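Working notes, structure below.
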Amino acid sequence: MGESERGGPHAGPEAETPRGPAAVIAAGVRDGSLTPTEVVDATIELIATEDATTGAFRVVRAERAVAEAIALEQRSDLDVLPLAGVPVAIKHNIPVTGETVLSGSAATDTGQATADHPVVRRLRDAGAVVVGLTAMPELGLWATTDDQRGVAKNPWDIKRSPGGSSGGAAAAVAAGFVPIAHGNDGLGSVRIPAACCGVYGIKPGRHTVPAEVGVDSWGGMVENGVLATTVGDAALALSVMAARPDLADLEPPGRLRIALAVTPPSRLARVDPNWAAAARKAAAVAAAAGHRVETTALPYGDAVLALLLRWLTVALPEAATLAHPERLQPRTRRHLAIGRFVQRLGLVRAAQVDRIEARLLEFFEDYDVVITPTLATAPPRARAWHRRGWLANVLSGFRFSPFTPIWNLVGWPAASVPMGTHPDSGTPVAAQLAGPPGSEATVLRLSAQLEQLHPWRRTVR
């Protein structure tokens, strides 16, 4: 990684500024008690000192980030920017001017991006400084984060994975390198690593935040979201990414009708009792806050089959544009080959999703939010999963993450809320909140209420 040309931070309170919260950093920059260059210097120094253990970043923008911080200090509106001087990380699969868009693959050869993705542009316009690009698995397909360059590790236990595909982003936030990170979520790729790493992660509903560009965005299943150490920071960042200031308003919600559903979508899935307990704990906290909570079961129907068929085909448009397909990992080549077969047979049909969404809409006539476990088991071991076979990767992902994908299938908002620590693995456990289209504000406000009543440790250190 590159080193900043500027000196490292002096000893003292400012050495801790990158760990946030983002709202505190931005307030300090706006009132003049901090400068963007102080914050960026401290961030780059922290990453240089500690990320060798975690492997959260693939690119550290040391010199460029410092130059951007210096330029930010000259802005006439610095005193009103919502993210003034806040260091952020971007997943390595959307354009950042002057950087590659590698998507975790040696098969890509994109050159340097000539313009920011709209999400990046909005963050920068709000005063954020992009300090680095985070690790991800090849084409975002896999539930752990590793590639030929290394294995990303969970800051809570480096023997375990931070999850995927936004695993580098979650690790960067949990380790305290940045208070906010961008991620995108196709089958749970924000919520899975958020749950693994004990941070808050939210996937907005379809058309709330600009999606990926240049490809088919996984058949409409991928949304750009955010990972943060607090709900307030996540809401602030999401409000900027969505150009919706109202999302940053975290007034307590009115009395909600909440469903608690801990039964997994398939009889083949087994749920660790401690993960089920995390969902029940979230429901109990919500009930204590005055919400009506009922235990029930979600109408999953044939969602698992519909999701599997789509997952097999979603990367085909991007794969068709790869500069060096011969460099794809063996598991990815097998995945794409099976996907082409599924596509030729015409097994992916819109009617499958229509039926599932109709059942969910009927279910949500009686509820505002559903609470489930985010995951079913502790994170898998941190290892070179890209060297293992396709089936081993599929089974591992299915076993530990059966609850998240359905909300991508229908394009509804969902979030992962930390709810404690697993007594055996020592890694975090979490509950998932999901709601119908347009319920981002409700999910955020309920999340903030749970955080207030059941706070969590913001970073590992």
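The values are calculated or read from the model by the stated rules, or taken from the named source; none is laboratory data. It should be emphasised that the depicted structure is a prediction, and the values quoted were computed from it without experimental measurement. All Cβ positions, even for glycine, are placed from backbone atoms using ideal geometry, and neighbour counts span all protein chains on display.
Selection of the stretch 169-215 for residues being under 14 Å from the mean Cα position of the chain (by Cα) and either of a type in the set (D, E) or at positive phi (or both) yields D185, G188, G198. Taking residues in the stretch 94-112 that are farther than 15 Å from A169 by Cβ, and partners anywhere that are among the basic types (K, R) and not in a loop (DSSP other than H, G, I, E, B), the pairs with Cβ atoms closer than 8 Å and at least 6 places apart or on different chains are G98/R64; S105/R327; A106/R327; A107/R327.
Of everything in the stretch 141-157, what is under 14 Å from A170 (Cα atoms) and either part of a loop (DSSP other than H, G, I, E, B) or of a type in the set (G, A, S) (or both)? Give them in sequence order. Passing the criteria: A143, T144, T145, A152, K153, P155, W156.
Has the stretch 372-383 got any residue that is farther than 20 Å from A195 by Cα and either among the aliphatic types (A, V, I, L, M) or surrounded by fewer than 20 Cβ atoms within 10 Å (Cβ to Cβ) (or both)? No, the stretch 372-383 contains no residue that is farther than 20 Å from A195 by Cα and either among the aliphatic types (A, V, I, L, M) or surrounded by fewer than 20 Cβ atoms within 10 Å (Cβ to Cβ) (or both).
Would a scan of the stretch 440-459 turn up a residue that is over 20 Å from E294 (Cα atoms), polar (S, T, N, Q) and in contact with a Gly (Cβ under 6 Å, 6 or more places away or on another chain)? Checked against the condition, which is being over 20 Å from E294 (Cα atoms), polar (S, T, N, Q) and in contact with a Gly (Cβ under 6 Å, 6 or more places away or on another chain), the stretch 440-459 yields at least one hit. For D116, state whether it is without any contact (Cβ under 8 Å) to a residue 24 or more places away in the chain and crowded, with 20+ Cβ neighbours inside 10 Å. Yes, satisfied.
So which of V342, V353, V348 ends up being closer than 30 Å to M136 by Cα, assigned to a loop (DSSP other than H, G, I, E, B) and in contact (Cβ under 8 Å) with a residue 12 or more places away in the chain?
On the way: V342 fails: assigned to a loop (DSSP other than H, G, I, E, B); V353 fails: assigned to a loop (DSSP other than H, G, I, E, B).
Being closer than 30 Å to M136 by Cα, assigned to a loop (DSSP other than H, G, I, E, B) and in contact (Cβ under 8 Å) with a residue 12 or more places away in the chain holds for just one of V342, V353, V348, which is V348.
For the stretch 33-58: of the residues being of a type in the set (A, V, I, L, M, F, W, C) and in a helix (DSSP H, G or I), which is surrounded by the fewest Cβ atoms within 10 Å (Cβ to Cβ)? So the residue we want is A52.
Test of understanding: among R30, R61, R6, which residue is at negative phi, charged (D, E, K, R), surrounded by 14 or more Cβ atoms within 10 Å (Cβ to Cβ) and modelled with pLDDT under 95? Before the answer, list the steps.
Working: R30 fails: modelled with pLDDT under 95; R61 fails: modelled with pLDDT under 95.
So the residue among R30, R61, R6 that is at negative phi, charged (D, E, K, R), surrounded by 14 or more Cβ atoms within 10 Å (Cβ to Cβ) and modelled with pLDDT under 95 is R6.
Scanning the stretch 360-385 for residues being outside any strand (DSSP E or B), charged (D, E, K, R) and out of contact with any Leu (no Cβ under 9 Å at 6 or more places or on another chain) gives a total of 4.
Of all residues in the stretch 303-344, exactly one satisfies the criterion of being surrounded by fewer than 22 Cβ atoms within 10 Å (Cβ to Cβ), more than 18 Å from L409 (Cβ to Cβ) and among the polar types (S, T, N, Q), namely T321.
Just one of (1) in a helix (DSSP H, G or I); (2) modelled with pLDDT under 95 fails for A284. It is (2).
Identification of helices (runs of 4 or more DSSP H) wholly contained in the stretch 183-280 with 3 or more residues that are under 25 Å from A448 (Cβ atoms) yields 191-197, 231-241. For T17, the conditions (1) at pLDDT below 95; (2) hydroxyl-bearing (S, T, Y); (3) under 24 Å from G104 (Cβ atoms) all hold with the exception of (3). Of all residue pairs spaced 6 or more apart or on separate chains, those with beta-carbon atoms under 6 Å, a first member in the stretch 249-266 that is surrounded by fewer than 21 Cβ atoms within 10 Å (Cβ to Cβ) and a second member that is of a type in the set (F, W, Y) are R257/Y367. Residue-level check: of (1) within 22 Å of the chain's Cα centre (by Cα); (2) part of a loop (DSSP other than H, G, I, E, B), V120 misses just (2).
Just to confirm my filter: which helices (runs of 4 or more DSSP H) fall fully inside the stretch 386-461 and include at least 1 residues that are at pLDDT 95 or above, within 16 Å of the chain's Cα centre (by Cα) and within 21 Å of A181 (Cβ to Cβ)?
Working: elements: 390-400, 406-410, 440-453.
Answer list for the stretch 386-461: 406-410, 440-453.
Here is a yes/no grid of residues against (1) touching a Leu at 6+ places or on another chain (Cβ under 8 Å); (2) of a type outside the set (D, E, K, R); (3) at negative phi:
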| residue | (1), (2), (3) |
| --- | --- |
| L247 | yes, yes, yes |
| R255 | no, no, yes |
| A259 | yes, yes, yes |
| P264 | no, yes, yes |
| W275 | yes, yes, yes |
| V285 | yes, yes, yes |
| G290 | no, yes, no |
| T295 | yes, yes, yes |
